[in-house]
1. Can you report the number of residues in the stretch 51-71 which are at pLDDT 85 or above and aliphatic (A, V, I, L, M)?
2. If you check Ala85 against the conditions, is it exposed (fewer than 10 other Cβ atoms within 10 Å of the Cβ) and more than 20 Å from His114 (Cα to Cα)?
3. Hey, can you tell me all the residues within the stretch 118-138 that are more than 20 Å from Lys77 (Cα to Cα) and in a helix (DSSP H, G or I)?
4. Can you tell me which of (1) free of Cβ contacts under 8 Å to residues at least 40 places away in the same chain; (2) surrounded by fewer than 13 Cβ atoms within 10 Å (Cβ to Cβ) is the one Cys58 doesn't meet?
5. For the stretch 111-156, give me each residue that is modelled with pLDDT under 85 and surrounded by 10 or more Cβ atoms within 10 Å (Cβ to Cβ).
6. For residues that are part of a loop (DSSP other than H, G, I, E, B) and without any contact (Cβ under 8 Å) to a residue 12 or more places away in the chain, scanning just the stretch 92-110, find the one that is surrounded by the most Cβ atoms within 10 Å (Cβ to Cβ).
7. Being outside the structural domain of Leu75 (by TED's automatic domain parsing) and either in a helix (DSSP H, G or I) or aliphatic (A, V, I, L, M) (or both) is true for just one of Ile141, Ile115. Which residue is that?
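The values are calculated or read from the model by the stated rules, or taken from the named source; none is laboratory data. None of these values were measured; they are calculated from a predicted model. We place every Cβ from the backbone using ideal geometry, glycine too, and count neighbours over all the protein chains shown.
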Amino acid sequence: MRHKRDFKALESRRLKGAKLLSTGVRAAEVARRLGVARQTVAAWEGRLEAGGKDGLKCRRLGRPRQLSETQCAELGKMLVAGALAQGFATELWTLPRVAKLIRARFAVRYSTGHIWHLLRRLGFSCQRPARRAIQRDEQAIERWKRKRWPALKKTPPPEGKPSSS
């Protein structure tokens with residue numbers, strides 16, 4: 001199970017620690033009062049000296065994004081324009097196709113698993129095509145269902161005949 005961290009509460013605790021440190025309270029005492037390790041307070045002191053209170057503010061965790069916001073917006077427009085407009089044979093978007101488009105346009109490689117996260121962030125969802133195949137012959141399908149399928153379908157034996165099971 002994944003927990004969401006309360007980054008504002010963590011930032012608030014760091015700023016309380018900075019306030020205590022600035023009033024002359026020793027690092028061990030700050031750690032005791034705030035319920036953190038002394039090493040954590042030492043790290044706060046280093047960040048405080050290096051960047052002031054801004055050094056203790058929340059910062060984004062994880063690996064930095066490879067596509068900028070403008071590139072993401074451009075990708076969204078390209079996806080809305082359709083796969084045919086991007087040179088693909090059919091209108092169906094697949095994760096490998098989107099990865100190929102990103103690689104060709106922005107020179108960035110993503111795994112198909114990450115493409116799915118990127119698409120969700122852009123507001124896209126998994127959908128099946130609404131239209132049927134162009135080659136589909138509804139009359140032929142109906143004829144097959146009416147005539148051929150009953151001939152192929154197994155029917156139970158008439159009453160009185162023993163079954164094999």
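1. Qualifying residue count for the region: 1.
2. Values: exposed (fewer than 10 other Cβ atoms within 10 Å of the Cβ): no; more than 20 Å from His114 (Cα to Cα): yes.
In short, no.
3. Correct list: Glu138 only.
4. (1)
5. Pro129 - this is the single residue of the stretch 111-156 that is modelled with pLDDT under 85 and surrounded by 10 or more Cβ atoms within 10 Å (Cβ to Cβ).
6. The first filter runs over the stretch 92-110 and keeps only residues part of a loop (DSSP other than H, G, I, E, B), leaving 92-94, 107-110.
Still in the list and also without any contact (Cβ under 8 Å) to a residue 12 or more places away in the chain: 94, 107, 109.
Working: Thr94: 13, Ala107: 8, Arg109: 10.
Per the stated criteria, the residue is Thr94.
7. Working: Ile115 fails: outside the structural domain of Leu75 (by TED's automatic domain parsing).
On inspection, the qualifying residue turns out to be Ile141.
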